[in-house]
Amino acid sequence: MAESYVNRELKLAGVEPTYEFKPGEVKTYQSSNVAFDDLRLGDGVRLDAVVGTGEVAQNAIDGGYPTREIGIVFSTPVAIAILHGDKEFSDKIAAAVKSMRDAARSLG
């Protein structure tokens with residue numbers, strides 16, 4: 001998904017992404033560790049940046065990679081699977097979502 005975003009090809013139902021930067025050459029890596037190894041060589045040697053999830057960034061930080069987080073450039077909607085007929089769990093999820101929506105509306 002990050003690669004689609006960087007290439008300005010991200011398609012999400014009902015969401016129009018905003019693009020915070022214009023990429024140069026985009027490279028795809030099978031492992032974020034290899035991407036961060038290339039980034040560790042210095043700005044512009046092989047890479048200027050790595051785009052990934054918060055988990056990818058935290059793993060790089062925990063692994064001792066020198067990083068500079070620039071913030072969230074996009075987020076994606078998520079889905080929660082509920083076993084058909086599990087009304088108790090469904091009601092708890094609905095209440096949690098309502099609480100988050102109410103909190104977001106109050107921020108305005």
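The values are calculated or read from the model by the stated rules, or taken from the named source; none is laboratory data. Everything quoted here is computed from the prediction, not taken from an experiment. Because the Cβ atoms are built from the backbone with ideal geometry, glycine has one as well, and the counts that use them run over all protein chains shown. Side chains are part of the model used for accessible areas, which takes the heavy atoms of the whole protein and leaves out ligands, DNA and RNA. Shrake-Rupley method; radii C 1.70, N 1.55, O 1.52, S 1.80 Å.
Do the conditions hold for residue 27, that is, is it in contact with a strand residue (DSSP E or B) (Cβ under 8 Å, 6 or more places away or on another chain) and not hydrophobic (A, V, I, L, M, F, W, C)?
yes
Got a number for residues in region 1-49 being assigned to a helix (DSSP H, G or I) and open to solvent by less than 40 Å² (accessible area, probe 1.4 Å)?
Residues meeting the conditions: 7.
I'd like the full set of residues that are in contact with a Phe, Trp or Tyr (Cβ under 9 Å, 6 or more places away or on another chain) and touching a residue at least 40 places away in the same chain (Cβ under 8 Å), limited to region 20-39.
20
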